[in-house]
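Here, each number is a calculation from the coordinates, and none is a lab measurement. Note that the structure is predicted; figures quoted are calculated from it, not measured. Note that we place each Cβ from the backbone using ideal geometry, even for glycine, and neighbour counts take in every protein chain shown.
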Amino acid sequence: MGEFFRLSGILGEFAGNFQFSSNQNILDQMAGRPLDSKIGNTKHTCVNAGRKGSGMPDTKESDEEKRIRHIEEMKEQVLRLVEDPECFYLDDSLSLEVQEKFLERILFMEECDEQPLFEYLEKGGIRLPKPEALDDAQLHSKLWEVINAMALAGHFLSSTDHLSDRELYEHLWRDILPEPTSIPADNASFCHIDILGGCSDEDMKIRLKYYADDDERECWESDFPDDEIPPKEPLPYDRDRHLPSPEYNLRTESIAH
């Protein structure tokens, strides 16, 4: 899961256009759809008319060609950092400028020092008792304290509505908070944690059961006809719409550490 956090430094203004997932039970934001199975490579055709009257090809690289080459080089660097390349997706319909900035931000985040969120939050004064030490009312209050503290540290959750408060706190306490992560140093970057981002069979069943709309379910059935599609069910909890998000610009203060 550490690689997920390292590679999830996303430009806030472009957050809705990028998708990431970890190889554990957390998420890359998939907007209810499975990630493409391979990177969307920018396709381009170079037309070389040559220098007039010289008979020699024009070998000067244009600004656009330089940017395309830079993007491809950065993609290769990112792919060397991920455990499963199929869990990395970059939308090639985005402008070259946006793609370039996004990849630069990923590699910048990769160079940041890491520490577990558990340690970072405790240094900031957030107590993190064991789940079993809290009754239901205490746990509900503690969960939201942790969620908001994570947001101030630039880490935002999604796809939590299938979990009870206790289930979510246990998952955070045991699986997510102990993992080393990059703490973004500015408001331009953040880490998105999709609880269903592990791309496991169980994650996808839950996504199809609770989160996917009819079009997404039909698309999945068409792409994977041998898979059993679970019946659609309403989400048992209503939390996601209340979760802090980067758009709210919550990081107006930092946790002392």
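Using R0 = 22 Å, the C-beta based FRET efficiency linking D91 and C219 works out to 0.85.
Packing-based ranking of 123-134, 224-235 yields 123-134, 224-235, ordered from highest to lowest mean Cβ neighbour count within 10 Å.
A protection proxy built from the mean count of other Cβ atoms within 10 Å ranks the segments 96-105, 66-75, 236-245, most packed first, as 96-105, 66-75, 236-245. Our summary of shape: the Cα atoms of the range 65-168 have principal axis extents of 59, 30, 23 Å, ordered from largest down, in whole angstrom. Protection proxy ranking of 147-156, 205-214, by the mean of other Cβ atoms within 10 Å over each peptide's residues and highest first, is 147-156, 205-214.
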